[in-house]
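The values are calculated or read from the model by the stated rules, or taken from the named source; none is laboratory data. As the structure is a computational prediction, the values presented were derived from the model and not from experiment. Positions of Cβ are generated from backbone atoms using ideal geometry, with glycine treated the same way; all protein chains shown enter the neighbour counts.
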Amino acid sequence: MQAQNAFSDTHYLANGEIREEMFRMLGHHAKENRCPPARVGGTSDHVHILCGLSRTVTVAKLIEVLKRETSKWVKQRAANLGAFHWQNGYGAFSVSQPHVPQVIEYIDNQSDHHKRMTFQEEFRAICAKYQIEIDERYVWD
């Protein structure tokens, strides 16, 4: 998910304190929806959530709940965050159990990783690697 600021090029999650609280809130709401988080992390402009998926919750429903609840929370946190919103879209990928430690490490090292590659470059590369066609008119808000 990508956090958007409609009024400037500054990302809402650039504030480390807010970003860490957001990660905790995302994990909390995933757990509340029976999708236990293994790791939540990211950078100033996007988040990664590695979680189990309940047999009764669809990916779309989980993302809807996470976006709704964290948007409400962040807007109540401070007056200057009232325009916060997540982008409309999201990417979701399944991970086999043997790859979970590698994905956790990847999430933990987002800051270093994105010194070499932007979020958009990374998303394009992942989609190309797995032969997922994307229409960029609808990928970025």
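Since VAL40 meets every condition but one in (1) at pLDDT below 90; (2) closer than 24 Å to TYR12 by Cβ, which condition does it not meet?
Every condition holds for VAL40 apart from (1).
Residues of the stretch 103-127 being surrounded by fewer than 14 Cβ atoms within 10 Å (Cβ to Cβ), touching a residue at least 24 places away in the same chain (Cβ under 8 Å) and not aliphatic (A, V, I, L, M), which ones?
Those that are surrounded by fewer than 14 Cβ atoms within 10 Å (Cβ to Cβ), touching a residue at least 24 places away in the same chain (Cβ under 8 Å) and not aliphatic (A, V, I, L, M): ASP108, SER111.
Can you give me the number of residues within the stretch 107-141 that are farther than 20 Å from ARG39 by Cβ and aliphatic (A, V, I, L, M)?
5
Take the residues in the stretch 128-141 that are assigned to a helix (DSSP H, G or I) and surrounded by 10 or more Cβ atoms within 10 Å (Cβ to Cβ); name whichever of them is modelled with the lowest pLDDT. Before you say what the answer is, go through the steps one by one.
As a first pass, look at the stretch 128-141 and keep what is assigned to a helix (DSSP H, G or I): 128-129, 136-139.
If we keep only those that are surrounded by 10 or more Cβ atoms within 10 Å (Cβ to Cβ) as well, we get 128, 139.
Numbers: ALA128: 93, VAL139: 78.
Checked the stretch 128-141; the qualifying residue modelled with the lowest pLDDT is VAL139.
With the checklist (1) within 16 Å of the chain's Cα centre (by Cα); (2) within 20 Å of HIS11 (Cβ to Cβ); (3) not in a strand (DSSP E or B) in hand, flag the one item LYS115 doesn't pass.
(1)
Within the group ARG34, ARG19, which residue is surrounded by 13 or more Cβ atoms within 10 Å (Cβ to Cβ), charged (D, E, K, R) and touching a helix residue (DSSP H, G or I) at 6+ places or on another chain (Cβ under 8 Å)?
ARG19
Yes or no: TYR138 among the hydroxyl-bearing types (Ser, Thr, Tyr) and in contact with a helix residue (DSSP H, G or I) (Cβ under 9 Å, 6 or more places away or on another chain)?
So TYR138 does not fit the description; no.
Let's see how each residue does on (1) under 16 Å from the mean Cα position of the chain (by Cα); (2) more than 17 Å from ALA14 (Cβ to Cβ); (3) part of a loop (DSSP other than H, G, I, E, B):
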| position | (1), (2), (3) |
| --- | --- |
| LYS61 | yes, yes, no |
| VAL65 | yes, yes, no |
| ARG68 | yes, yes, no |
| TRP73 | yes, yes, no |
| ASN80 | no, no, no |
| ALA83 | no, no, yes |
| GLY89 | yes, yes, yes |
| VAL95 | yes, yes, yes |
| PRO98 | no, yes, no |
